[in-house]
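The values are calculated or read from the model by the stated rules, or taken from the named source; none is laboratory data. Computed from a prediction, not measured in an experiment: that's the story for all the values here. Here Cβ is always computed from backbone atoms with ideal geometry, including for glycine, and neighbour counts include all displayed protein chains. Each accessible area value is taken on the protein alone, full model and side chains, heavy atoms only, with ligands, DNA and RNA left out. Shrake-Rupley method; radii C 1.70, N 1.55, O 1.52, S 1.80 Å.
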Amino acid sequence: MFCSRFRILMMCRLVYKRGWQLVLLVLLTQRLVLGVDLLAMDSPAMGLLKELEALSFDTDRAFLVREAYVRRSVVTIVFQRGRMVFLKPVRGTVTGLYFWGHGVILTTPPDRIERQQLSLFTGSPTLNEHFEEIFIRFTDDTFRELMDQIASQNDAEVESSRLENSLQGLIRSSKITDFRVTADLLSGRETPLFVAKILGRKLGVFDLSYDARRTEQVAIGQFKEKGAKHFYDTWCSFADPLARDAGAKPSGLRGVIDAREYRVSTQIDRSDRITGRTEVEFVAERDQVWLLTFDLSRYLKVSSIVDERDQPLLFYQNSDMTSDEEISRLGHDVVVVFLREPLREGQTQRLRFDYMGDVISRVGNGVFYVGSRGSWYPNLSTSDRARYDLTFRFPKEFTIVATGDLVREWEEGSERNSNWNSHVEIPVAGFNYGDYVKKTAKAGQVSVEIYANRGIENVYREVAARLEHLRELSLQRRQLSVPRFDPTPPDPMPILLSLSDFDTTRFTETIALQVASTLKLFEPLLGKYPYNKLAVSQIPGQFSQGWPSLLYVSSLSFLSPDQRARLGLDTDREGLFLECLQAHETAHQWWGNLIGWKSYRDLWMFEGFSNYLGFLSLKARYPTDKEFQQVMKRAKDRLLATNDEGKTLESAGALTLGVRLSSSKFPGAYQVVAYEKGAWVLHMLRYLLTDPATGSDQPFRTRLRGFLENYSNGLVSTEEFKRAIEKTMPPALDLEKNGKLDWFFDQWVNDVGIPSYSLDSSISALKSGGYIVKGKIKQREVPDTFMMPVDVFGRFDGPKTVRLGRVVVTGSETSFRFQVKTKPRAITLDENNGILCQNRTL
């Protein structure tokens with residue numbers, strides 16, 4: 001994994017907002033912080049919100065129910081026998097119900113991927129779960145639908161104790177926060193919500209949602225604890241196949257506005273506390289919008305939000321959220337803003353946020369760790385591109401490096417100020433802070449700036465931990481060599497390394513040249529570098545992150561090869577990890593910053609492709625190809641590693657599941673599958689597009705660069721990438737004779753499975769001269785419909801290996817026949833290591 005854990009968290013946040021957990025924003029309970037005194041607000045939302053907050057049952061609407069049902073898309077909930085009571089209406093609208101007794105929920109997801117996931121978590125590709133209790137909140141016509149079925153059955157006796165216990169139990173744990181209901185009622189319920197918490201007999205408590213605002217309207221999932229960790233397992237999430245208006249643009253709780261510009265002013269005091277003000281200008285993309293949500297770190301407390309007329313707005317912030325279940329569902333921090341009046345499509349507005357808190361921590365003298373790097377200011381997530389104007393005020397002995405270009409820098413007394421401007425729209429802004437030594441280099445017209453901390457504190461923890469590990473290994477070796485009758489093993493072998501040997505400022509010039517070389521390597525493949533400069537700054541830890549024109553990279557990557565060798569980092573997997581790290585994050589300047597992803601289902605391309613580009617940088621650095629093959633093998637090994645149940649991590653799910661791949665079943669699967677399998681997918685496309693006659697991969701390079709240029713500064717999907725490859729697809733890849741690469745993407749991107757190949761072959765002489773090579777390639781571990789072109793090679797005298805031809809392997813066994821002039825010593829498969837497969841017969 002080359003991208004930072006924090007970057008992954010930010011991607012998870014984006015996915016949860018764009019994915020089905022978005023609807024569970026409404027599951028933020030009373031722990032939301034009320035930002036403005038409701039009594040002081042003169043807003044249509046205020047009165048309605050206060051009424052909705054008083055959650056109570058209407059005993060006049062209590063019924064004995066038999067065989068009633070509601071159907072949402074392909075999900076059916078049947079109330080077989082039991083009692084049902086509705087919530088009291090608010091301004092004539094009923095927004096919820098509670099049922100206890102006997103019921104069943106039935107559904108079959110409409111596509112294979114979601115059926116696989118449902119089976120992974122429940123043991124069946126269809127859901128047929130009997131339940132005892134269900135609590136539903138809704139802003140659609142659920143009340144009317146049920147009343148049409150049960151109006152004649154109003155003879156239930158409702159025990160008040162039952163309802164009180166329900167409010168304390170199932171309902172409280174799934175209470176829908178009333179701001180979403182308020183927003184729906186104020187906007188005329190045009191895009192309604194239906195959310196249920198269900199107590200199943202076999203599966204326990206789980207959630208169902210149908211949200212008309214989402215692209216994937218239907219979602220089912222469950223909160224899960226595993227050890228000390230908390231997960232939200234999404235069993236399935238899919239678009240409503242029965243939706244009448246399938247072409248409509250669902251917006252989610254965010255996505256209803258387009259941010260145009262952020263003006264962010266940040267002051268850092270001598271206690272490292274920040275005080276910030278952000279003004280965001282945006283354009284409304286639809287009518288009747290009352291509710292907006294923004295990302296902001298839970299370590300920053302909002303003090304006020306005002307509109308462009310300086311009127312205070314009602315807002316909530318979830319910084320006090322403590323429930324593990326709520327945090328797992330959301331996966332992110334939000335500020336929810338109620339407007340004084342609804343937006344109109346095309347209307348331009350501004351909001352101003354004031355906040356303060358701690359997102360900077362010290363890890364040594366003059367060395368800082370900037371946390372919340374994507375949420376240190378209120379924003380609409382990385383899928384909404386905007387211009388940025390950043391101003392910082394900070395103690396003058398330190399340095400700020402930020403995204404965009406430095407416009408000016410000046411001092412005022414004991415403080416320094418700097419102003420940065422992106423000039424173009426970018427997906428996110430960031431900064432780093434410290435006591436730096438700066439070195440520069442040039443990659444054409446691009447300035448490469450390296451910021452290294454003056455001291456060693458930035459790496460002392462990593463180095464100290466590594467030294468302790470080496471000492472432990474030394475002690476273990478010595479203990480193994482001691483005779484059993486000697487009860488006192490000798491002291492461990494001394495590791496004569498001093499922390500002062502690891503001053504990373506010594507190599508800033510070398511690193512600047514390396515990064516400049518990487519830019520020169522990538523530009524012919526990816527196109528012109530999109531910004532004026534690339535700043536590389538140190539960050540503690542063993543991870544990295546790439547924001548537009550600014551990289552945060554692990555302190556360990558600043559060490560020289562000699563230093564890494566002395567720490568043992570040249571002999572294990574960490575060595576090549578560090579070799580690729582800066583190139584991986586540099587690749588994100590194109591994959592992630594120049595273009596972004598349309599949904600969480602497209603996220604795999606950006607991490608997987610950047611991962612592969614990092615691998616390719618090794619080919620330029622080490623022409624023998626050994627190091628490149630090592631990282632590809634390690635990527636395969638990680639995919640074939642198993643979880644607690646003995647299942648491979650690759651089997652966690654299709655690449656298009658994004659961060660849903662990480663679950664209670666496969667806790668770390670996203671970081672493995674998206675990064676490693678994503679890299680292999682691009683490698684296999686490169687292999688398939690390489691000209692077999694010349695061995696040139698220029699066709700691959702041309703397609704990749706063309707795709708990035710065509711979608712520059714936009715958002716892309718997996719389907720769009722597939723179509724771009726198909727436009728000039730060589731006939732040899734048109735395996736289904738339809739001009740499409742569905743066969744490849746369906747197998748490698750939209751499904752799971754890594755094939756295993758073995759070979760049976762024979763060589764016979766021809767009377768006329770030459771030889772016939774024939775044989776069979778056996779394919780295992782994948783369905784019989786799986787097909788893949790596989791290269792067959794002949795080994796001749798000396799080191800020479802010749803490609804004999806390519807065989808499209810399908811089913812359990814495929815025959816081949818080639819004629820050669822010289823008898824080969826052996827016949828082998830995939831000598832060029834172009835296919836992700838479990839084993840190869842050589």
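Worth a mention:
- Loop trypsin sites (Lys or Arg not before Pro), the stretch 338-384, which have at most 15 other Cβ atoms in a 10 Å radius of their Cβ (DSSP): Arg344
- Computed over protein heavy atoms with a 1.4 angstrom probe, the accessible surface ordering of His683, His130, largest first, is His130, His683.
- Residue-normalised accessible area of the stretch 561-705, given per residue in Å² at a 1.4 Å probe: 31 Å²
- The stretch 640-788: relative contact order in percent, alpha carbon pairs under 8 Å with at least 6 residues between: 18 percent
- Taking the accessible area of the stretch 589-646, probe 1.4 Å, and keeping the other protein chains in place, the carbon and sulfur fraction comes to 51%.
- Averaged over residues, the count of other Cβ atoms within 10 Å places the peptides 662-669, 739-746 in the sequence 662-669, 739-746, highest first.
- Pairs of alpha carbons in the stretch 645-741 whose separation is greater than 21 Å (percent): 47 percent
- Annotation note: GluC sites (Glu not before Pro) in the stretch 672-741 located in DSSP loop regions with a Cβ neighbour count of at most 13 within 10 Å are Glu736.
- Accessible-area composition of the stretch 762-837, carbon plus sulfur, in percent [1.4 Å probe]: 47 percent
- Among 816-822, 766-772, the order from most to least packed when residues are scored by Cβ within 10 Å on average: 816-822, 766-772
- When peptides 795-805, 753-763 are ranked by their average number of other Cβ atoms within 10 Å per residue, the highest-first order is 753-763, 795-805.
- Between the beta carbons of Asp742 and Asp287, assuming R0 = 35 Å, the FRET efficiency works out to 0.35 to the nearest 0.05.
- The lysines whose alpha-carbon is closer than 29 Å to the alpha-carbon of Lys727, local same-chain residues fewer than 8 away aside, are Lys249, Lys520, Lys528, Lys598, Lys619, Lys677, Lys737, Lys740.
- For a label point 7 Å along the Cα-to-beta-carbon line of Asn643, residues of the stretch 667-695 with backbone N under 17 Å: 667-677
- Solvent-accessible area of the stretch 374-438 (1.4 angstrom probe, protein heavy atoms only): carbon and sulfur portion equals 45 percent.
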